[in-house]
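Here's the structure, in structure tokens; my notes come after.
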Amino acid sequence: MKRWLALAGLVFFAPPCFGQSVATLRGHVTDASGGAVAGAQLKLTLVATGAVREAASDVNGAYEFNQVQPGKYILEASAQGFQARRQENLDLLVATASTLDITLSVNGRGYALRLEPRRTLLDAIRDECGLTGTHAGCEHGACGACTVLLDGEPIRACLMFAVQAQRAVIRTVEGLATGEALHAVQRAFIAHHGVQCGFCTPGFLMLAVNALERQPDIGDDDMLDILASNLCRCTGYQNIIKAVRAAAAEMRKVSAGP
Ligand code: FES
Ligand code: FES
């Protein structure tokens, strides 16, 4: 089974009160379903000089590069047990104002926002865009209640700053239905009682919808592996899995055609 690395929660952030030209880059390494990957290695290369810095995670699974200068960087992550080495290009800027004007594209609509650079994508989606279907649970990457799709990849919105998402296409649970018609996965959650208190539901829906839309014939083991990255505090896993299996069967039928 192929496992992919993704990067989330990385931002170059200098509090304006310091007025510095250096700052700290913090982040987490996640897998393709948004779950934190323990023990990954991060390498940061400044394109102009080829200077390399490496970081290991702290006890909370976060990575930190101190005294980073603005500029263009290549950030690479690798981890044992993952086939893919993930590389990202970063254009790092120092935030010099207490607020930034950004536009987020969420569910096909542009939201012009003025916010502090420290605000997370989760804060922005809920408090600024008013899309409260994305839930705030642990707010440190453990539960997955805040899962949204960013350029077609599930991410933990609590681990990313809003300013990082301004050129991305974001999809939240509010973007699943088409008008009054619920998505097949939403219908299956209702039919198979995949919802108890509903707190975890948006996160599970986003994981399942993304996996099934990308690969309707995804194997059961792979799907369970993806769902395992989120937590249900009502422990309703059996019915969540039943619902996702039912939705998968329906979506396979549709993709196979008459
Ligand atoms: S993982 Fe983001 S709120 Fe728990
Ligand atoms: S249904 Fe309550 S947390 Fe999952």
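All of the numbers you see were taken from the coordinates with simple rules; none came from a lab. Bear in mind that the values here come from a model prediction, so they are computed numbers and not experimental data. Cβ sites come from the backbone with ideal geometry, for glycine too, and all protein chains shown count toward neighbours.
When each of 161, 199, 204 is scored by the number of other beta-carbon atoms lying within 10 Å, the sequence from fewest to most is 199, 161, 204. With a Förster radius of 45 Å applied to the beta-carbon distance between residue 80 and residue 180, the computed FRET efficiency rounds to 0.45.
For region 197-203, 3J(HN,Hα) computed residue by residue from phi via the Karplus equation (6.51, -1.76, 1.60; θ = phi - 60°) reads 6, x, 5, 7, 4, x, x Hz, glycine and proline entered as x. Taking a point 7 Å from the Cα of residue 196 along the Cα-to-Cβ direction, the residues of region 217-244 with backbone N closer than 19 Å to it are 227-244.
Ordered by the number of other Cβ atoms lying within 10 Å of each residue's own Cβ, fewest first, 105, 255 fall into the sequence 255, 105. Label separation (residue 56 vs residue 127): 3.6 nm, computed from points 7 Å beyond Cα along the C-beta direction.
Using the Cβ-Cβ distance between residue 47 and residue 187 with R0 = 45 Å, the FRET efficiency computed as 1/(1 + (r/R0)^6) comes to roughly 0.40.
Taking Lys and Arg as +1 and Asp and Glu as -1, the other residues whose beta-carbon sits under 12 Å from that of residue 112 total 0. Taking the number of Cβ atoms within 10 Å of each Cβ as an exposure proxy, the fewest-first ranking of 46, 104 is 46, 104.
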